[in-house]
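Asker: I am attaching a structure below and will ask some questions about it afterwards.
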Amino acid sequence: MDSITSKKEIKALLDRSFESSKGKTNALAEEILSELLTKKIKFPLLEFAAKELHGRIADKEQIVFLDRIIARKTMGGNVIAGMMLQLRSEKYFRPSWKKAVEYMIFGDEWYVCDIIGERVMGHSLLKNPEESLPMLKKFLNHENAWVVRSVGVASHYAVKKGLAKKYVEETFQLLLTKADTKDFHTKKGIGWAIKTIAKFHPDIVRKFESRLKADETISSFVQTKIRIGLSRSSKYASKYSD
């Protein structure tokens, strides 16, 4: 498989694709699918490509383009879609989240959920927590497991990237409401986020220590993730397991 290793190569490829497609959105999508998404490319370069595409494709044509990309189910296509929806969410917040949900359900794989969930929901939670947290609360009761998992994915990303402390505590309490989930992939996503909070904000976990030990709805899996997170924190030498 051929590789692309520089932004210069990305730009040259995009220039050729736009020229070949003559401004036709479907034709451009096919060019990107055949010329870009068949190559070995690291995620940061795919994100760069998505930013370039976002800047060159008219707003009203972007979803048509992304629908065609996602339909082919390529790994890189998920990165392109996630990044473009992230950029669109500044102007089209709810429509971008709705489309992200559609793509995660269609992709029906943990990595599709994680790639798109981090870039759309995770980034939004980090930058716009007031609007994002109510949406994530609704997601916890969604009928599709990937959408529920995305709450954990988004929370992990936002906390790791520096989510404001007051929102971390709110996020932690939100995640605990799903700490009894039995679905494997949902459990992994929720546990991942809780472990991250324990690692970066052990003082928040400490505030809830009595509840964490007494609440039987918090699964042993989640309890273990908390202990692991606390053990990795440089701020708090935990006696949680005592």
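The values are calculated or read from the model by the stated rules, or taken from the named source; none is laboratory data. Remember, it's a predicted structure, so these values are computed and weren't measured experimentally. When we count neighbours, we look across all protein chains shown, and the Cβ atoms used for this are built from the backbone with ideal geometry, even at glycine. Each accessible area value is taken on the protein alone, full model and side chains, heavy atoms only, with ligands, DNA and RNA left out. Shrake-Rupley method; radii C 1.70, N 1.55, O 1.52, S 1.80 Å.
Asker: Looking at this model, which pairs from LYS138/LYS225; LYS51/LYS91; LYS73/LYS195; LYS165/LYS195; LYS60/LYS91 are more than 22 angstrom apart at the alpha-carbon?
Answerer: The answer is LYS138/LYS225; LYS73/LYS195.
Asker: While we're here: What do you reckon, how do TRP110, TRP192 stack up by accessible area (1.4 Å probe), largest on top?
Answerer: Result, largest first: TRP110, TRP192.
Asker: Using only alpha-carbon positions, what ratio does the radius of gyration of the range 121-195 give when scaled by 2.2 N^0.38 Å?
Answerer: Taking N as the residue count of the range 121-195, the ratio is 0.96.
Asker: With springs only between Cα atoms under 10 Å, which of LYS166, LYS225, LYS40 fluctuates most in a Gaussian network model of the chain?
Answerer: In the Gaussian network model the winner is LYS166.
Asker: Of the candidates ALA145, ALA12, ALA29, which one comes out as most mobile in a Gaussian network treatment of the chain with C-alpha springs shorter than 10 Å?
Answerer: ALA12
Asker: Shape of the range 73-163 from its Cα gyration tensor (a ≥ b ≥ c, root eigenvalues): rounded if a/c is under 1.5, otherwise prolate when a/b > b/c, or oblate?
Answerer: Here the range 73-163 falls in the rounded category.
Asker: Need one number: nm distance between label points at LYS127 and ASP2, each 7 Å from Cα along Cα→Cβ, rounded to one decimal.
Answerer: 3.2 nm
Asker: To continue, here is another question. Give the relative contact order (percent, whole number) for the chain; include only Cα pairs under 8 Å separated by 6+ residues.
Answerer: Result for the chain is 12 percent.
Asker: Enter the angle in degrees (range 0 to 90, nearest 10) between the Cα long axis of helix 7-21 and the first principal axis of the Cα atoms of the chain, meaning the one along which they spread out most.
Answerer: 50 degrees
Asker: Give a residue-ordered list of calculated ³J(HN,Hα) values for the range 104-118 (Karplus: 6.51 cos²θ - 1.76 cosθ + 1.60, θ = phi - 60°; whole Hz; x for Gly, Pro).
Answerer: 5, 5, 5, x, 6, 9, 4, 6, 5, 4, 6, 4, 6, x, 5
Asker: Could you give me the ³J(HN,Hα) list for the range 50-62, computed from phi with Karplus coefficients 6.51, -1.76, 1.60 and θ = phi - 60°, whole Hz, x at Gly and Pro?
Answerer: 3J(HN,Hα) across the range 50-62, in whole Hz: 4, 4, 5, 5, 4, x, 9, 9, 4, 3, 5, 9, 5.
Asker: Tell me, what HN-Hα J-couplings in whole Hz come from the Karplus equation 6.51 cos²θ - 1.76 cosθ + 1.60 at θ = phi - 60° for each residue of the range 143-160, using x for Gly and Pro?
Answerer: 6, 9, 5, 5, 5, 5, 4, 4, 5, x, 4, 4, 5, 4, 4, 5, 5, 4
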